[in-house]
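The values are calculated or read from the model by the stated rules, or taken from the named source; none is laboratory data. Here the structure is a predicted model, which is why all the values come from computation and not from measurement. Using ideal geometry, Cβ is built from the backbone for each residue, glycine included, and neighbour counts are taken over all protein chains shown.
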Amino acid sequence: MSGSGPTSTDIETDAGPEGAAEDHRSRTAKLRREQMRRRLIESAILVFAEQGVNAAVIGQVIEAAGVSRGSFYNHFRTNDELCDAICEDLADELVAYTENVIAGSESADGAVALGATTVLSAALHYPVLGLFMGARSLNAEALMREISDGLNQQLHLGMASGTFVKGDTGLTADMVLGMLRAGMLRLAMRQTAPLEPEAYIRGTVAAILRALGLGPERAETIAAIDLTIPAFAEDSLIARAQARHDAYRKKEA
């Protein structure tokens, strides 16, 4: 019967606004969830900077973030899950910075040396970063995975050109990452004696290059690059956490 019910056009017109509203609600909910997660991570890393990376500080994080316990557990079930998330965000910042530094490298050995030097220097000048990535074995996976992506590319290039000895890139990357992680922890804890930190960094980089197949003289030459202090943005998690840690240590002294 004509006019007895809605036409297909009417149905599409009615469904359109409802669909748009639902999509808007979904986007808004996702944005709020991401903002809450970021808020918890930022609060947590500042608390960890004061209490130490191995502390169980869920209560302090909840207080610092100004959220309910239920809101916290909607995002993280345990202290370790929280640390995993922190390390992922720290890894994003460190890897992005390092990739920018090595962007102009013209050789695989130069890129590996510069990248390793940057990572180790970051641990020296931002000890909180080194402690997170070195001390918490499970939570260092995010950093190692992201560094590994760029490292594997340089290893492939170096092996193809004959600069590095040929071998399994996965095993070779594991070796390099293990040396970097151990070095980050030593530098963060200032346990490089009898070497000064700068000499320890150059020695570690040279050892990595020798393990990749470079001769001792070539490895020492490439490793002897200028050690600049990494300059992370003031609003970065790395810089903010270190500033909070330094202020806390000064107050406790």
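Things to note:
- Only residues that are in a helix (DSSP H, G or I) and closer than 30 Å to F164 by Cβ were counted in the range 194-237, giving 23.
- Residue satisfying all of: in the range 165-193; aliphatic (A, V, I, L, M) and in a loop (DSSP other than H, G, I, E, B); surrounded by the fewest Cβ atoms within 10 Å (Cβ to Cβ) among these: A193
- Selected residue (criterion: surrounded by the fewest Cβ atoms within 10 Å (Cβ to Cβ)) from residues of the range 68-105 that are among the charged types (D, E, K, R) and touching a residue at least 40 places away in the same chain (Cβ under 8 Å): D80
- The set of residues in the range 201-230 being under 24 Å from the mean Cα position of the chain (by Cα) and modelled with pLDDT of 90 or more consists of I201, R202, G203, T204, V205, A206, A207, I208, L209, A223, P230.
- Any hit, the range 81-89, residues being assigned to a loop (DSSP other than H, G, I, E, B) and touching a Leu at 6+ places or on another chain (Cβ under 7 Å): no
- Residue match in the range 49-56 (condition: modelled with pLDDT of 85 or more, out of contact with any Pro (no Cβ under 9 Å at 6 or more places or on another chain), buried (at least 18 other Cβ atoms within 10 Å of the Cβ) and outside any loop (DSSP other than H, G, I, E, B)): no
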